[in-house]
Structures are given as structure tokens and as C-alpha cells.
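See below for the structure under consideration.
The values are calculated or read from the model by the stated rules, or taken from the named source; none is laboratory data. Predicted, not measured: the structure shown is a model, and the values here were computed from it. Counting neighbours? That spans all protein chains shown, and the Cβs are built from the backbone with ideal geometry, glycine included. Only protein heavy atoms, including side chains, enter the accessible area calculation; ligands, DNA and RNA are left aside. Shrake-Rupley method; radii C 1.70, N 1.55, O 1.52, S 1.80 Å.
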Amino acid sequence: MNIYLLISAILFLVSTYGILSSRNMVRMLISIEVMFNAVVLAILSMGNILAYKVSPNAVAPLISIVIFSIVLAVSEIVLVFSIMVGIVRFRLVRDVDTEELVTRER
Amino acid sequence: MDLTALIPPALGLLALIFSIMVIAARNLVYSAAYLSILGLSVAGLIAILGYPIVAVLHIIIYIGAGILFIVMSVSMIREVVERRASKALSLVVAVVASLPLFYLAIMADNPGSLPQELSDYSLLSRYISQSYWLPALLVFLSLSIALIAAIEITRARVGRR
């Protein structure tokens, strides 16, 4: 049993539950960040398995992908949270509830 | 007994506890703060796996910049009484969605840390500069555009389209 993959699986479970059970945009996005952590851990532990079983050179592309994904995750955080603050500032909705965004009258 | 063998399970337990606290916390600022501790424990696990550069990047870029931004943004948003969706259905869907990862975790063996000879990051920099120059350029551009867009959105005035 691979303990790192097990930890990432449990993190994935918790984050999926957090996304599905919440109606608050901020909490959903924070749950997506937990999921991102789980996926990074899973990719790197799979990289270790690949390094031992397939080829040592198989690890470098995975590290590149993870580094790119960390930078892209930060871009996503910056953009989405600024949109959210903009929505609340412009009083488009009273709060950051997704149901209110969907049912808002034009 | 080798105490270093206890570090990965301890960090994993810490990550699991704080992931549950992220979901369960009522205050969103606390939720974001718990996310930073979760990120630190995941960075520790990444370092133990044999990727210290990725762990350092995770701490500096992700926790240092990203989560700090989340905390600052959340503190600008009014706290609301949160409505929750069906918990039982969410749990069932989450368990079904994560079953493949659990299967993989049980079937895969534990290879341990990355061999020392694979921790040579000149190979990684060669990969990024030669084989992955286009994704690196796109990532740089996307981060720049995201930052410019974020500044533009937050500076925009009400009524200006």
C-alpha cells in the first residue's frame, strides 16, 4: 500500500465532499484548492513509482507539469477571487452564494 | 525504532485533520488559514518524496502568494449564513469519485524516496528550457494576464462597463 497515494485519495474525498456539500463560492473554491493539493501529491507519488519501475527519466516531465500547475493554480486563485470581490463590491449579489447568483433577476 | 519513518504518516495525519477543518470551519478566514497549514504539510510530504525544489515552490508561490491572497480577499467579503446541500448525497458522490484513487493506493507498493541520482535538477532545467519552453512561456503569460486582469477588476468603478 502506498501511503502517499492513500493520503491524496482521502484528501480528494474530503475536497469533493466540500465542493458538493457547499453553496458558498468561496468555500467551493477553497475545497478546489484542497483537491489541487491532493492531485499534486498523487502525481508526484506516481512519479516515484514510474522512476523505479519504468525509467528514471520519466520523472522530469512530471516535475515540470507540477511546477507549471502550481503557477497556474496561483493564477486561477488571483483571477477568481478578484472576480468574486468585484461581484460583491458592485452589489450584484448580497453575498457569495451560488444559488443567488443563478436566480438573480436581471 | 527509526523515528524518521513516522514523519510521513504524521504529516499525512496533519494534512487530513486540516483538510477536514478547512471544510468544517464556519468562518471562511479560518478556513483559508487552515488551508495554508494543509499546504505546508503537503509540501513536507513532497519534500520527503524526494522533490525539494517542488516543495519550496509550493511553499513560496502557492502558500506565500496564493493563500495569502485568499485570506485577504475573504476578509473583504461579508460573512453569510451558509446553506448546505444534501450531505448524504455529496458523501456518496465523493466516495464514488475517489474510489479509483483508493484502489490505486491499495494496489501500488511504497517505493520510498526518490533515488539521489534522480534529484539532479539540471535535467529538469534542461527539460523546461528545451522540451517545455512553450508551456513555460504560456504559464508565464497566463500569470501575467491574471495579475493584470485582477488589478483591472478590483480597480473598476460601479457603473463603468
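Tabulated data for the structure shown
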| read-out | value |
| --- | --- |
| Heavy-atom surface of region A:1-80, accessible at 1.4 Å and reported per residue (Å²) | 29 |
| Set of region A:31-66 residues, backbone N closer than 18 Å to the point 7 Å along the Cα-Cβ line of B:ALA97 | A:31-43 |
| Cα Rg, Dmax (largest Cα-Cα span) when computed across region B:3-112, Å | 16.5, 47 |
| Cβ neighbours within 10 Å from other chains - mean over B:52-59 | 3 |
| Spatial separation of Cα centroids for region A:42-87 and region B:9-72, in angstrom | 15 |
| Area hidden from solvent between A and B (accessible, protein heavy atoms only, 1.4 Å, total, Å²) | 7500 |
| 1.4 Å probe accessible area per residue over region B:2-58, in Å² | 43 |
| Gyration tensor (alpha-carbon) shape descriptor, region B:15-66, a/c threshold 1.5 | oblate |
| Averaged over A:28-40, number of beta-carbon atoms from partner chains that fall within 10 Å | 6 |
| Neighbouring partner chain Cβ atoms per residue of B:2-14, average, 10 Å criterion | 1 |
| Listed peptides B:92-100, A:33-41, B:7-15, B:28-36 by packing density, highest first (mean Cβ within 10 Å) | A:33-41, B:28-36, B:7-15, B:92-100 |
| Where a label projected 7 Å from the Cα of B:VAL29 along Cα→Cβ would reach, residues of region A:15-29 with amide N under 18 Å | A:26-27 |
